[in-house]
Amino acid sequence: MSTSSSNTNYVGKAPNRVEGPAKVTGAAKYSGEFEVPDLVYGVVVSSPIAKGKILKIHADKVLSLPGVLQVFSHENVPHQAWFDRNYKDDVAPGGSPFRPLHDDEVKFSQQPVALVVADTFEVARYAASILEIEYKEEKHETDIESQRDKGHAPSKGKSGYKPPSSRGNAAKAIEKAEHRIRHEYIHGTQHHNPMELYASTVHYHPDGKLTIYDKTQGVLNCQQYVTKVFGLSKDEARVINLYNGGAFGSGLRPQYELFLSVMAALELRRSVRVTLTRQQMFSIGHRPHTLQTLEMGTNPDGTLAGLKHYALHETSRFEEYTENVVNWSGMLYQCDNVQLGNQVAALDVYTPQDMRAPGAATGSFALEVAMDEMAYAAGLDPVDFRLRNYAETDQSEKLPFSSKRLRECYRQGAEKFGWDRRPLKPRSMREGNKLVGWGMAGGVWDAQMQKAAAKASITADGKLTVTSAAGENGTGTYTIMTQIAAETLGLPLEAVTFKLGDTDMPEAPVQGGSWTAASVGTAVQKACLAVADKLLKQAKKMDDSPLKGADLEDVEFVNGLIRLRKAPEQSVVLRDVLQVSGERQIEADSTAIPNLLNMARYSMHSHNAVFAEVQVDEELGTIHVTRVVNALAIGRVLNPKTARSQVLGSVVWGISMALMEETVTDHRFGRYMNHNLSEYHVPTNADIRDIDVIFVEEEDPYVNPLGVKGVGELGLLGVAAAINNAVFHATGKRVRDLPIYIDKLL
Amino acid sequence: MSTVSTSSAADDQLRPPVPPSSVTLRINGEDRTLHIAPWTTLLDALREYAGLTGTKKGCDHGQCGSCTVLVDGKRINSCLTLAALQEGSDITTIEGLGQEGQLHPLQQAFLDHDAFQCGYCTPGQICSAQGLINEGKARTEDEIRELMSGNICRCGAYVGILNAVKEVVDAQQASRR
Ligand code: FES
Ligand code: FES
């Protein structure tokens, strides 16, 4: 964009969130909050058994309660579409998707088995609580530990799954190595638990068309699902999500509140709202319980001789969910002998689902703790050890990186943290009665771009509206798109409105993979440039136009002016152009697609380095994370304020993963026992101390036109491992299964 | 295998729900008469009957703080009280603190410090912060952290929340001096 300084250059600046006032005043409307006339309420009934058959639903009793309209179950729900493919959403893994209320079979604990609809929420909730259902229980298996030797390589993975590739001869290299380590690393099931409960408000219009306000990260994915399952046209099922109260991957696939509310609305011909309970939020997908083994050996000079990384994670019996858990170990460090393996095993659980940095959060925890163990075995400082094994190219893909400033992340992170004052030996630092430990780790994540479209339209009064069916779940989409649009057309932020989350808008990918900034951002820029081109054409037609003969490259749109780059005093006022043009508005659509040539030539990734300090009370076993420095190379930063918030949130997630978060199953019942927010522990304010975020400058001309790499997932990587390594440094004890509960240290 | 049967409906005669009646609540300085059943929580009364959806539901069990409102100046979890019990109390929700264009100092501070991401926990955080200021307890950063810990933020905006609350607490202390 424009090179000269001006006050409409917003990209890289840190304005407050444009949607912030709506959020801090409570005006922002989330899916379960839309007021529609004659609304009725559905409450979901969940299965208490993990596997078996529903014998009988005794609906009669609750149907006789005043206010109860219907009890929907497999006994009376009309058959929807017949084929699996109708239920397959855009991001479904291989297999046969779960169909709510389809038959009498129970496949997982907390499976939705009925929907009670009543004219008030209170009556629906009461009726659901007393609905009697008989089940025949069958033997279930929910423990991945029982599948240690029964895993298989995933056959049909989901999109984005890459079977890991090996190279050299790792076994032999490790056998001959100077120093060796081999350990197992484990974390249990985790649930996304966004604060907003999954909810859908379906507005049934008099003509039978539906407007569906659904909590989702992809309105188009939901529309596609609803139209295929219920045989509706797109015109009959508009899906809207203006604000998403957190998702972290849980909203990538349509959730069952969508199916149930649409089904009920179509059957009852009424508007319906279905909101899940917090307990039910533990039945919509999770980060899978994963077992990993890491083996490494080093040469006398501290370089890696060989590396083996093997992972086994759970999936459901009906879908083959897969994650790229081990692939990162083949690319983060230089090593010629690498053996990787990834297996899954089916259990009687619901299908796992992508959760913030899926695969990488799991794999990098194991890799980066193992790297620390290896550094200690070789007697090396953990940063020094990583620098000795710095990967200059992507050895798995055999490609150069489009950009990689990880070395700078190590340097700036270490400097800010004061790493050079760290004694190598564990248990060598104290503060009062507490042991102090310093640890570090890092991560790598894909810098992806997807096809996306946007539409820009400027009216005679100089107001610009840009739309794209993208999502906002707190990442800052509204704000950064407004910044890009304003800068591209040289308008003040207040003159620009960016709208999203509506299937009537141009197509955008699901809001995940940290690709929204790159994909939708590029589309927004392109659409605005197309409008700019039209404006320039009009401007050239004006009497005495100083822009006559100028092409788009010769001009810049700044401060409400179109001016010549070479002679900025030669300009026309944008609003005059619009007035003179006589058009009520000037608009353009644009679609941005990734550059396949660059993708074939370069490995595109973001990197980070994390440094953490913990204080451990050895008598009580309590651990406090007192300081974290997270240094990231993410290409261009569009808005340091919202980007920093994403990293701060990621660090909180990392602290949570390291010390608190785990869904505990009682395998006798095949049931999650802590499915609520008082027993599923996540950090609160008192758990969080100093967090420093450093964005290392990084220019990347190849990754996408904006040069951005995304940050929502990368920031989490390395955090849990750095804390784990710091706990070892403090105590001399290595805990290899997360979270590090107090009792594991005592 | 065994047969399981759920629910408490062993007694053959189900008790029908108690019908709705009129309850008058004083919300944000205004009397609102709502037609609600006696078992309606204050949270549901606000969200589903009074059209005040700024107050959020994150758990319905008093575990998350999303539903925090001020009752007679004190912060409470509105999911843990029945609306009918609050007749005669002075209820303040996020909508009563300030509006767009006329932000309350806490709302402005949350905006300036980017003390949220998705915004879902935010109304509860802000009401809780106002409650904490009313209590006059929090002075240091550690006290604020501790006293704001009834409000979970899954987006992890705690650093911003601390700084926002601190700024307003400090400003109020300075003006009192
Ligand atoms: S909704 Fe009331 S505390 Fe969570
Ligand atoms: S801002 Fe999303 S939960 Fe706090």
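Considering only residues in region B:143-153 that are open to solvent by 10 Å² or more (accessible area, probe 1.4 Å) and free of Cβ contacts under 8 Å to residues at least 40 places away in the same chain, the one that is farthest from ligand 2 (Cβ to nearest atom) turns out to be B:Glu143.
Conditions tested, residue by residue: (1) under 27 Å from A:Lys29 (Cα atoms); (2) among the small types (Gly, Ala, Ser); (3) over 16 Å from the mean Cα position of the chain (by Cα).
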residue: B:Ser66; (1), (2), (3): yes, yes, no
residue: B:Gly73; (1), (2), (3): yes, yes, no
residue: B:Leu80; (1), (2), (3): yes, no, no
residue: B:Asp90; (1), (2), (3): yes, no, no
residue: B:Gly136; (1), (2), (3): no, yes, yes
residue: B:Ser175; (1), (2), (3): no, yes, yes
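So that you can scan it fast, the table gives a plain yes or no per residue for (1) farther than 11 Å from A:Val202 by Cβ; (2) part of a loop (DSSP other than H, G, I, E, B):
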position	(1), (2)
A:Cys222	yes, no
A:Val239	no, no
A:Gly245	yes, yes
A:Ser250	yes, yes
A:Ser261	no, no
A:Ala265	no, no
A:Arg270	no, yes
A:Val274	no, no
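Residue by residue through region B:79-89, note down the ones that are touching a strand residue (DSSP E or B) at 6+ places or on another chain (Cβ under 9 Å) and over 13 Å from B:Gly150 (Cβ atoms). Give the steps one after another, and end with the answer.
The first filter runs over region B:79-89 and keeps only residues touching a strand residue (DSSP E or B) at 6+ places or on another chain (Cβ under 9 Å), leaving B:79-84, B:86-89.
Across region B:79-89, the qualifying residues are B:Thr81, B:Leu82, B:Ala83, B:Ala84, B:Gln86, B:Glu87, B:Gly88, B:Ser89.
The residues of region A:295-348 that are among the small types (Gly, Ala, Ser), open to solvent by less than 10 Å² (accessible area, probe 1.4 Å) and within 14 Å of A:Lys150 (Cβ to Cβ) amount to a single one, A:Ala345. Per the conditions (1) in contact with a strand residue (DSSP E or B) (Cβ under 9 Å, 6 or more places away or on another chain); (2) under 20 Å from A:Leu491 (Cβ atoms), the sole criterion not satisfied by A:His605 is (2). Scanning region A:722-746 for residues that are open to solvent by 30 Å² or more (accessible area, probe 1.4 Å) and out of contact with any strand residue (DSSP E or B) (no Cβ under 6 Å at 6 or more places or on another chain) returns A:Phe728, A:Gly732, A:Lys733, A:Arg734, A:Tyr741, A:Ile742, A:Asp743, A:Lys744, A:Leu746.
For region A:17-56, a tally of residues being in a strand (DSSP E or B) and at the interface with chain B (Cβ under 10 Å from one of its Cβ atoms) returns 7. Go through region A:198-215 and give me each residue that's open to solvent by 10 Å² or more (accessible area, probe 1.4 Å), under 21 Å from the mean Cα position of the chain (by Cα) and not aromatic (Phe, Trp, Tyr). Hits for region A:198-215: nothing passes. Entry remark, region A:628-663: residues being within 12 Å of another protein chain (Cβ to nearest Cβ), among the hydrophobic types (A, V, I, L, M, F, W, C) and either out of contact with any strand residue (DSSP E or B) (no Cβ under 9 Å at 6 or more places or on another chain) or in a strand (DSSP E or B) (or both) number 3 in total. Is there a residue in region A:374-390 that is open to solvent by less than 10 Å² (accessible area, probe 1.4 Å), without any contact (Cβ under 8 Å) to a residue 24 or more places away in the chain, touching a Pro at 6+ places or on another chain (Cβ under 8 Å) and not assigned by TED's automatic domain parsing to the domain that holds A:Ser650? Within region A:374-390, one or more residues are open to solvent by less than 10 Å² (accessible area, probe 1.4 Å), without any contact (Cβ under 8 Å) to a residue 24 or more places away in the chain, touching a Pro at 6+ places or on another chain (Cβ under 8 Å) and not assigned by TED's automatic domain parsing to the domain that holds A:Ser650. Does A:Ala378 satisfy being among the small types (Gly, Ala, Ser) and out of contact with any Lys or Arg (no Cβ under 6 Å at 6 or more places or on another chain)? In short, yes.
Residue-by-condition table, conditions (1) under 30 Å from A:Gln448 (Cα atoms); (2) touching a Lys or Arg at 6+ places or on another chain (Cβ under 6 Å); (3) touching a residue at least 12 places away in the same chain (Cβ under 8 Å); (4) aliphatic (A, V, I, L, M):
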position: A:Ala686; (1), (2), (3), (4): no, yes, no, yes
position: A:Asp690; (1), (2), (3), (4): no, yes, yes, no
position: A:Ala722; (1), (2), (3), (4): yes, no, yes, yes
position: A:His729; (1), (2), (3), (4): no, no, yes, no
position: A:Leu738; (1), (2), (3), (4): yes, no, yes, yes
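B:Lys57 satisfies every condition listed in (1) within 11 Å of ligand 1 (Cβ to nearest atom); (2) open to solvent by 10 Å² or more (accessible area, probe 1.4 Å); (3) touching a strand residue (DSSP E or B) at 6+ places or on another chain (Cβ under 7 Å) except (3). Across region A:664-674, the qualifying residues are those that are open to solvent by 30 Å² or more (accessible area, probe 1.4 Å) and in a loop (DSSP other than H, G, I, E, B), and the one among them that is nearest to the other protein chains (Cβ to nearest Cβ) is A:Phe669.
Listed conditions (1) surrounded by fewer than 18 Cβ atoms within 10 Å (Cβ to Cβ); (2) hydrophobic (A, V, I, L, M, F, W, C); (3) under 30 Å from A:Phe401 (Cβ atoms) are all met by A:Leu706, apart from (1).
Evaluation of B:Lys137 against the conditions (1) within 13 Å of chain A (Cβ to nearest Cβ); (2) not in a helix (DSSP H, G or I) shows that the sole unmet condition is (1). Only one entry of A:Lys136, A:Lys107 meets the criterion of being in contact (Cβ under 8 Å) with a residue 60 or more places away in the chain, open to solvent by 50 Å² or more (accessible area, probe 1.4 Å), under 29 Å from A:Lys228 (Cβ atoms) and not acidic (Asp, Glu), and that entry is A:Lys107. Which members of region B:105-131 meet the condition of being away from ligand 1 (no atom under 16 Å from the Cβ) and over 21 Å from A:Gly474 (Cβ atoms)? Those that are away from ligand 1 (no atom under 16 Å from the Cβ) and over 21 Å from A:Gly474 (Cβ atoms): B:Pro105, B:Gln130. Inspection of region B:93-100 identifies no residue that is farther than 25 Å from B:Leu52 by Cβ, open to solvent by 40 Å² or more (accessible area, probe 1.4 Å) and of a type in the set (Asp, Glu).
Listed conditions (1) more than 7 Å from chain B (Cβ to nearest Cβ); (2) of a type in the set (Ser, Thr, Tyr); (3) crowded, with 22+ Cβ neighbours inside 10 Å are all met by A:Ser64, apart from (3).
Residues of region A:171-197 being surrounded by 21 or more Cβ atoms within 10 Å (Cβ to Cβ) and part of a strand (DSSP E or B), which ones? Result: A:Tyr185, A:His187, A:Thr189, A:Gln190.
So which residues in region A:171-205 are more than 16 Å from ligand 2 (Cβ to nearest atom) and among the small types (Gly, Ala, Ser)? Explain how you work it out, then say what you get.
Initially, region A:171-205 is screened for residues more than 16 Å from ligand 2 (Cβ to nearest atom), giving A:171-190, A:200-205.
Residues satisfying the conditions are A:Ala171, A:Ala173, A:Ala177, A:Gly188, A:Ser200.
The values are calculated or read from the model by the stated rules, or taken from the named source; none is laboratory data. Quick caveat: nothing in here was measured; it's all calculated off a predicted structure. Ideal geometry is used to build each Cβ from the backbone, glycine not excepted, and the neighbour counts take in all protein chains shown. Note: accessible area is taken over every heavy atom of the protein model, side chains too, but ligands, DNA and RNA are not part of it. Shrake-Rupley method; radii C 1.70, N 1.55, O 1.52, S 1.80 Å.
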